[in-house]
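Quick notes on the structure that follows.
The values are calculated or read from the model by the stated rules, or taken from the named source; none is laboratory data. Fair warning: this is a prediction, and the values are worked out from it, not measured in the lab. Cβ atoms come from the backbone with ideal geometry, glycine included; neighbour counts cover every protein chain shown.
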Amino acid sequence: MQANFYREIFESLRCGILTIDEEGRVTTVNQVARQILNLQNQAPEKVPCRQMLADYPEICRILLESLRMENPPIRFELDLRAQGRPKRMIGGSISHVRGADGSRDGAVLFFKDLTTIEQGEEQERLKDRLAALGHMAAGLAHEIRNPLGNIGTTASLLKRKLSGNDSGIIALDNIVQEVRRLNHTVTQCLEYAKPIHLRPRPVDLPALLAEALQEVRAKWPSGRVEIKETHDPKVSGLQADGIQLRQVLHNLISNAFDAMGGRGNLEIATFLEPASSAPEKDSESFAVIRIRDTGRGITPEVRERLFFPFFTTKPGGSGIGLAIAKKIVDSHQGMIDVESESGQGATFSVKLPYPGSSHAAVEQVYP
Ligand SMILES: Nc1ncnc2c1ncn2[C@@H]1O[C@H](COP(=O)(O)OP(=O)(O)OP(=O)(O)O)[C@@H](O)[C@H]1O
Ligand SMILES: [Mg+2]
C-alpha cells in the first residue's frame, strides 16, 4: 500500500525523474522522463545507463560522473541532440540516493524540458527587435512614398511628350516600372509596420485553408502539388481573426509552393496539443496548423533570418511574407516555428491558444 502510494506520486510528478544504482544501471524512470527522452518502449529495470540512454550520451556522462562526486551538480542545462528527433533542451539537478545506513546507493536525476520556454524567450527577443524595426520602417516609408509618387507621375508625363523617341520611351518605361516596384516594397513595409486590429471570431480552419490553397494554386496554373489534409474535428472550436489567419496560411502555403517549384507533396494537418508542453503560455491547449512541404528545405543560415522583414532568397521576393505571418500569430499570443534541413523540405507549425479569445466581441489592437 505504502509502496504503491509512493509509486503513484513518483509517476504523477510533473518533472522527469531517473535513478541509477552504484553500477550505473537505470533503476527507475518516471512517466515524464520516459516522454521527454522517448523511452516509452524500454523496460527500465537494471539496464546499463549507457545502453538505455544511448541517444543521450551527455546525460549518461553527467550521471555517471556524479557517482564519483562529493557534490553532484545542483543545476545544469543540456542540449539534447538525439538522431531523428528535434533538438531539445533540459534543465536538471542530480542528488545522491542513500540507503537506510547512510551509504550511497546511486544517484537521482530530476529534470524538466525547457525547449518551449527557451523558444518562447527567443520569440520574445525577436518580437522586440521586430517592433523597433517596424517603427523605423513606418517612418521611412512615409518619407519615401511622396517623392516616389512625384517621380512616377513626372516620368509618365515625359513619356507622353516623347512620342516618336523610342529609346527615350523605353528608358522612361523602365523608370515607371522601377518606381512601381519600389512603391510595392514600401507598401509592404507599411503593411508590416501598421498595427493589427484583431477581431477574434469562431473560425473554420479547413475552409480557411481551402481558400488560401485556391489562391496559391491560381498562381501556379501548371503546378503539380499533391495535397494531403488531415483535420481533427476538435479544432472546430477555435476563436481567431479569420481574415488575418487566412493571410498567415496563404503566406506559408505560397512559400511551400515556391520551395517546391510548384511540384511536390504538401501535407497539412490541424490538431490540438495540450498546453503542458508549452507551460509558459496561459492557455489550456493549442490548436496546431502544421504545413509540411517537400521543397528545397532551409539552411541554418537562412533559418536564422527567416522571420526578419525583407529577408528573401528569391529574385523578386519582398521577404515580408513570414514577417507578417509571425506578427499576426504573435498578436494571437501564438507561436510559429519551423523544422527543416537543407534539401529535406520544411515543416512550419503555427500554434494558437485554444479555444482562443473568449471575448469574441472585443477588438484588440496589436502594435
Ligand atoms: N517552405 C519553405 N521552404 C524553403 N525556404 C523557405 C520556405 N518558406 C520560406 N523560406 C525562405 O524564407 C525566405 C523568406 O520568406 P518570406 O515569405 O518572408 O519572403 P519571400 O517568400 O521571399 O517573399 P514574399 O514577401 O513575396 O513572401 C524565403 O525567401 C525563403 O528563402
Ligand atoms: Mg513568401
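Give me a count of the residues in the range 298-355 that are within 18 Å of residue 123 (Cβ to Cβ), of a type in the set (Gly, Ala, Ser) and more than 7 Å from ligand 1 (Cβ to nearest atom).
Number of matching residues: 4.
Given the condition closer than 23 Å to residue 243 by Cβ and free of Cβ contacts under 8 Å to residues at least 40 places away in the same chain, answer yes or no: does some residue in the range 192-205 qualify?
Checked against the condition, which is being closer than 23 Å to residue 243 by Cβ and free of Cβ contacts under 8 Å to residues at least 40 places away in the same chain, the range 192-205 yields at least one hit.
Report whether or not residue 115 is under 26 Å from residue 9 (Cα atoms) and either under 20 Å from the mean Cα position of the chain (by Cα) or not assigned by TED's automatic domain parsing to the domain that holds residue 10 (or both).
Taking the combined requirement at face value, the residue satisfies it.
Please determine whether any residue of the range 70-81 is among the hydrophobic types (A, V, I, L, M, F, W, C), over 30 Å from residue 347 (Cα atoms) and free of Cβ contacts under 8 Å to residues at least 12 places away in the same chain.
So far as the range 70-81 goes, no, none of its residues is among the hydrophobic types (A, V, I, L, M, F, W, C), over 30 Å from residue 347 (Cα atoms) and free of Cβ contacts under 8 Å to residues at least 12 places away in the same chain.
Residue-by-condition table, conditions (1) surrounded by fewer than 22 Cβ atoms within 10 Å (Cβ to Cβ); (2) of a type in the set (D, E, K, R); (3) modelled with pLDDT under 90:
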{"position": "239", "(1), (2), (3)": "yes, no, no"}
{"position": "267", "(1), (2), (3)": "yes, yes, no"}
{"position": "276", "(1), (2), (3)": "yes, no, yes"}
{"position": "316", "(1), (2), (3)": "yes, no, yes"}
{"position": "331", "(1), (2), (3)": "yes, no, yes"}
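Test residue 288 against the criterion of being of a type in the set (A, V, I, L, M), more than 9 Å from ligand 1 (Cβ to nearest atom) and within 27 Å of residue 263 (Cβ to Cβ), and give yes or no.
yes
Condition check ((1) within 13 Å of ligand 2 (Cβ to nearest atom); (2) out of contact with any strand residue (DSSP E or B) (no Cβ under 9 Å at 6 or more places or on another chain); (3) touching a residue at least 60 places away in the same chain (Cβ under 8 Å); (4) within 26 Å of residue 356 (Cα to Cα)) across all residues:
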position	(1), (2), (3), (4)
233	no, yes, no, yes
265	no, no, no, no
298	yes, no, no, no
311	yes, yes, no, no
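For the range 14-64, which residues satisfy the criterion of being touching a residue at least 40 places away in the same chain (Cβ under 8 Å) and small (Gly, Ala, Ser)?
Residues satisfying the conditions are 16, 24, 33.
Scan the range 339-349 and give yes if some residue there is away from ligand 2 (no atom under 15 Å from the Cβ), at pLDDT 95 or above, surrounded by 16 or more Cβ atoms within 10 Å (Cβ to Cβ) and within 12 Å of the chain's Cα centre (by Cα), otherwise no.
Yes: one or more hits.
Closer than 30 Å to residue 338 by Cβ and loosely packed, with under 15 Cβ neighbours inside 10 Å - does that describe any residue in the range 98-118?
No, the range 98-118 has no match at all.
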